[in-house]
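The values are calculated or read from the model by the stated rules, or taken from the named source; none is laboratory data. On a predicted model such as this, the values are computed, not experimentally measured, just so you know. Here the Cβ positions follow ideal geometry from the backbone for every residue, glycine too, while neighbour counts run over all protein chains shown. Protein only, heavy atoms only, side chains kept; ligands, DNA and RNA dropped before computing areas. Shrake-Rupley method; radii C 1.70, N 1.55, O 1.52, S 1.80 Å.
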Amino acid sequence: MTDLVEQDVAAVTPSPAPATAPKSRLRSEAFARRLRARHAAERRFRLAGAAAVALAALILVLLLGSIVAKGASAFLEARIRLEVTLDPAEVADRNYAALLRRALYAQFPQVTDRAGKRVLNDLLSSGAPYELEAMVAKDPALVGTTQTVWVRADDQIDQLVKGGYRRDLPEGERGLSDAKVAATDVLLASGALAQGFNTTLFTAGDSREPEQAGIGGAIVGSLLTLLVTMALSVPVGIAAAVYLEEFAPKNRWTDLIEVNINNLAAVPSIIFGLLGLAVFLGFFGMPRSAPLVGGLVMALMTLPVIIIASRVALKAVPPSIRQAALGIGASPLQTVLHHVLPLAMPGILTGTIIGMARALGETAPLLMIGMVAFIVDIPRGLTDSATVLPVQIYMWADSPERAFTERTSAAILILLGVLILLNGAAVILRKIFERRW
């Protein structure tokens, strides 16, 4: 009996705690070591990501800085001031070059030999007589008077003023004679040579002479090409997206079409150029180098981008909008036109503008259809010969003259500015018309 009582007492009495309790797994040294290693790995990953972003930003800054440093000077041009007497007989013979030379010689009375005068003649641009002729044509009353005119300097003088030539180099290594340098210094000292804003860069077409070359023709060509591209790709792309997303039956044929549209968006752009060369020029016989053909090729290239962006925007509209419209008696077409499409329009506009920006910056497909030709005149219609801004940059980059280097960088800056404006417009439109549910 006593044993049974002792066993019962032992059963209800709690066992004494061990002298040293075992450590929890979360408090073990191995767990702490693994935790420290994991935190260290996360820190390394964050540092690697931040370093990648910093490296990309540094490369971008260096690239833009290099372009700005090379191209900023192109927005200025050197001009020479001359006191020109518009002799009626010379004007009647359109001998404006002689009038300019005579005015220039008057500023260097010590130069009497033929070699010296030839050096002075090279200070003026070959387009200077045409500037004087245009001034007289604009105001014929100037004939017989003496006028102070500013005409463009030669591209070598322009580069010398901008520091493009090292004066400390020997004449043979500098690429510019000492006589021209001395004559330039005389003009600079007298104030007859100065820099002004380069309007020629924006208003003139292409030229073999760098000081007369501009991107006016390329800008007009780009606008005409984008006009054709937008007129074709935007309505067709939106209509195709609406049909595929809202009305098309879900079967293997629509799946096949969707897969091909997605694949076309990833096709290299030069393939579209080859297609345009074979179909538009080879089969239909359309004119080469025309904005009409360039716009057709760009429309084919941009169409998949607009369709995909429009479909994504349509998918983002909640199904409850459609169900509510159908529930109050609207037809499927009314549901799409009155409710779904307006709500999806911000996304559609964003995709359209991004597609247009891509078309504006493309070069390869336009090279295949002949828009790389040397075009001096500014196009006036869709079938006139023209080039576009990216192709103009490509052609100038291949020119050996020193002055074309700065014009290439300046044209890149202008193209980047236009692309930034288009992307900024896309962001602003999305913010203005964005709807949240």
Item to check | Selection count where residues are β-branched (V, I, T) and open to solvent by less than 50 Å² (accessible area, probe 1.4 Å), scope the range 104-128 | outcome: 2
Next on the checklist: Pairs needed: first member in the range 278-289, under 9 Å from I369 (Cβ atoms) and open to solvent by less than 60 Å² (accessible area, probe 1.4 Å); second member anywhere, hydroxyl-bearing (S, T, Y) and assigned to a loop (DSSP other than H, G, I, E, B); C-beta distance under 8 Å; at least 6 residues apart or different chains.
Outcome noted: S289/S385; S289/T387
Item to check | Scope the range 202-215; condition hydrophobic (A, V, I, L, M, F, W, C) and either part of a helix (DSSP H, G or I) or open to solvent by 40 Å² or more (accessible area, probe 1.4 Å) (or both); matching residues | outcome: F202
Checklist entry - Any residue at all in the range 185-201 that is within 30 Å of G361 (Cβ to Cβ), more than 25 Å from the chain's Cα centre (by Cα) and open to solvent by 40 Å² or more (accessible area, probe 1.4 Å)? => result no
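Residue-by-condition table, conditions (1) touching a strand residue (DSSP E or B) at 6+ places or on another chain (Cβ under 8 Å); (2) modelled with pLDDT of 90 or more; (3) within 27 Å of I219 (Cβ to Cβ):
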position: A240; (1), (2), (3): no, yes, no
position: E245; (1), (2), (3): no, yes, no
position: N251; (1), (2), (3): no, no, no
position: L256; (1), (2), (3): no, yes, no
position: A266; (1), (2), (3): no, no, no
position: F284; (1), (2), (3): no, yes, no
position: P287; (1), (2), (3): no, no, yes
position: L296; (1), (2), (3): no, yes, yes
Checklist entry - What about A92, is it among the small types (G, A, S), open to solvent by 60 Å² or more (accessible area, probe 1.4 Å) and within 20 Å of I393 (Cβ to Cβ)? => result no
Item to check | Meets criteria (part of a helix (DSSP H, G or I) and farther than 30 Å from P129 by Cα) for G49 | outcome: yes
Checklist outcome for this item: Note: among R101, R166, just one is open to solvent by 80 Å² or more (accessible area, probe 1.4 Å) and closer than 20 Å to T405 by Cβ, namely R166
Checklist entry - Of L429, L422, L413, which residue is more than 17 Å from the chain's Cα centre (by Cα) and open to solvent by 40 Å² or more (accessible area, probe 1.4 Å)? => result L429
Next on the checklist: Looking only at the range 314-331, how many residues end up being closer than 22 Å to A265 by Cα and in contact (Cβ under 8 Å) with a residue 40 or more places away in the chain?
Outcome noted: 2
Next on the checklist: So, in the range 402-433, how many residues would count as being more than 27 Å from G214 (Cα to Cα) and of a type outside the set (A, V, I, L, M)?
Outcome noted: 3
Checklist outcome for this item: The condition from (1) open to solvent by less than 60 Å² (accessible area, probe 1.4 Å); (2) free of Cβ contacts under 8 Å to residues at least 24 places away in the same chain that A218 misses is numbered (2)
Next on the checklist: Quick test of your reading of the structure: A69 fulfils all but one of (1) open to solvent by 60 Å² or more (accessible area, probe 1.4 Å); (2) more than 41 Å from the chain's Cα centre (by Cα). Name the failing condition by number.
Outcome noted: (2)
Item to check | Subset of the range 129-142 [within 11 Å of L86 (Cβ to Cβ) and surrounded by fewer than 15 Cβ atoms within 10 Å (Cβ to Cβ)] | outcome: D139, P140, A141
Next on the checklist: With the requirement that a residue be surrounded by 20 or more Cβ atoms within 10 Å (Cβ to Cβ) and out of contact with any Pro (no Cβ under 9 Å at 6 or more places or on another chain), what does the range 302-334 give you?
Outcome noted: T302, L303, P304, V305, I306, I307, A309, S310, R311, L314, V317
